[in-house]
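Report on one structure; see the data block that follows.
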Amino acid sequence: MRKLAILGSTGSIGTQALDVAARHSDRFAVTALVAHSSSEKLFEQVRQFHPQIAALSVEPKEIPADIRESCQWMFGENVLLDVVRACDADDVLVSVVGVVGLAAVMEALACGKRVLLANKEPLVAGGELVTEAARKAGHPLLPVDSEHSAIFQCLQGAQGNTPTRLILTASGGPFRTWTREQMQNATRAQALKHPNWSMGAKITIDSASMFNKALEIIEAHWLFDMPPEKIQVVVHPQSIVHSAVEFADGAVLAQLGVPDMRVPIAYAMTYPRRIPTGSKPLDLFSIGTLTFEPGDPVRFPALRLAGECLNAGGAACTILNGANEMAVAAFLRDEIPFGAISRIVEGTLEACGAMPADTLEDIFHADLEARRRAKEIAEKLK
Ligand code: MG
């Protein structure tokens, strides 16, 4: 029986992890559930999974009488850290959105808990600190992002051989075939229409701009110790090949499956074992054709910025991430056109210049500075 805490339990990843846990109640005990503000959904989860701790960063007006005494309740903006410290979980699934997960990841590792990482930003903003903390903790970071889970699964067959290249697949998002001009003024509804994956709003916009892939290049760099020039982005619209790893002899190992996040989630939850997830079997005959094309750094500047930021070092990736979070939020509020997202990120990188990322304080400082600058630039583009 593994004891699981879920930070971000009411989001897309959190609910799918609970779906896996519910299918295998003999295997998982859900000990803590944390949500941001979706109180009604959290109340339902508490009724179904009976955690020891339930928490919300936004305190609800009232807790229903039937579950008021059934667990310990925690509220407030520091709830992620409070729960990580207080819960007795073996595994902490970090599936919150944004850089807020960074301190929670560091704390979970310091407490000797295994981290199942769905939240990209801790590695993007604090890759060096997080990977170092994981090394010290003696646990591998278990990636939940489908591409990184795929690479992690392929590497189980590496037997000590270092890969020569990582092939990171991308669906290409809803604007894969759009021109640069068409994309400039794309609407929120158009950007939110992802062809293959059902995900939260932030990551869906990131898929449309391909900033999601930029974040994933940075994530892959830290998880698998691979320089950016050896991480190739391949646009693969069917989202069947979830990523691949090349070795010195020319062999390429890939992981395939229907697009269903429960597969990478369950793999992290039961690594190195595999359990049924409810995912449909892969039917290659009904798919028929798998296609691959290069990512276009001209239409999608994010693809170029990832390598540039990794090579620049310091807090460049932190700044890219903070600026992108601000830009996406402004786009979701209909304040800026779609094309402004990458312009805001580039402008912010330029305005911030070189900043250090040696400590958590450095990272939070760079993140705040990036947000401040990005906000200024976004105001001008309104
Ligand atoms: Mg992904």
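The values are calculated or read from the model by the stated rules, or taken from the named source; none is laboratory data. Quick caveat, the model's predicted, so the values are computed rather than measured. Note: ideal-geometry Cβ built from the backbone for every residue, glycine included; neighbour counts use all protein chains shown. These accessible areas exclude ligands, DNA and RNA; they are computed on the full protein's heavy atoms, side chains included. Shrake-Rupley method; radii C 1.70, N 1.55, O 1.52, S 1.80 Å.
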Inspect all residues belonging to region 213-224 and state whether any of them is surrounded by 14 or more Cβ atoms within 10 Å (Cβ to Cβ), assigned to a loop (DSSP other than H, G, I, E, B) and out of contact with any strand residue (DSSP E or B) (no Cβ under 7 Å at 6 or more places or on another chain). no
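Is there a residue being among the charged types (D, E, K, R), surrounded by fewer than 24 Cβ atoms within 10 Å (Cβ to Cβ) and either away from the ligand (no atom under 16 Å from the Cβ) or under 22 Å from VAL58 (Cα atoms) (or both) anywhere in region 170-179? Working first, answer last.
Initially, region 170-179 is screened for residues among the charged types (D, E, K, R), giving 176.
Within this subset, residues satisfying the condition of being surrounded by fewer than 24 Cβ atoms within 10 Å (Cβ to Cβ) are 176.
Still in the running and either away from the ligand (no atom under 16 Å from the Cβ) or under 22 Å from VAL58 (Cα atoms) (or both): none.
No, the conditions are met nowhere in region 170-179.
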Of LEU381, LEU368, which residue is at pLDDT below 95 and either farther than 13 Å from VAL124 by Cα or touching a Ser or Thr at 6+ places or on another chain (Cβ under 6 Å) (or both)? LEU381
In region 180-212, how many are within 14 Å of the ligand (Cβ to nearest atom), outside any helix (DSSP H, G or I) and of a type in the set (Val, Ile, Thr)? 0
Among the acidic types (Asp, Glu), in contact (Cβ under 8 Å) with a residue 12 or more places away in the chain, outside any loop (DSSP other than H, G, I, E, B) and open to solvent by 30 Å² or more (accessible area, probe 1.4 Å): which single residue out of ASP88, ASP82 fits that description? ASP82
Between a residue in region 355-382 that is in a helix (DSSP H, G or I) and any residue that is basic (Lys, Arg), which pairs come within a Cβ distance under 8 Å, given they are 6 or more apart or on different chains? ILE377/ARG343; LEU381/ARG343
Subset of region 142-161 that is open to solvent by 20 Å² or more (accessible area, probe 1.4 Å) and closer than 15 Å to ASP225 by Cα - its residue that is nearest to the ligand (Cβ to nearest atom): PHE152
Mind telling me which of the residues VAL124, VAL115, VAL94 ends up being free of Cβ contacts under 8 Å to residues at least 60 places away in the same chain and either crowded, with 16+ Cβ neighbours inside 10 Å or hydroxyl-bearing (Ser, Thr, Tyr) (or both)? VAL115
Which one of ILE53, ILE6, ILE63 is among the β-branched types (Val, Ile, Thr) and closer than 20 Å to GLY200 by Cα? ILE6
Residue tally, condition in a loop (DSSP other than H, G, I, E, B) and in contact with a Lys or Arg (Cβ under 9 Å, 6 or more places away or on another chain), over region 17-37: 1
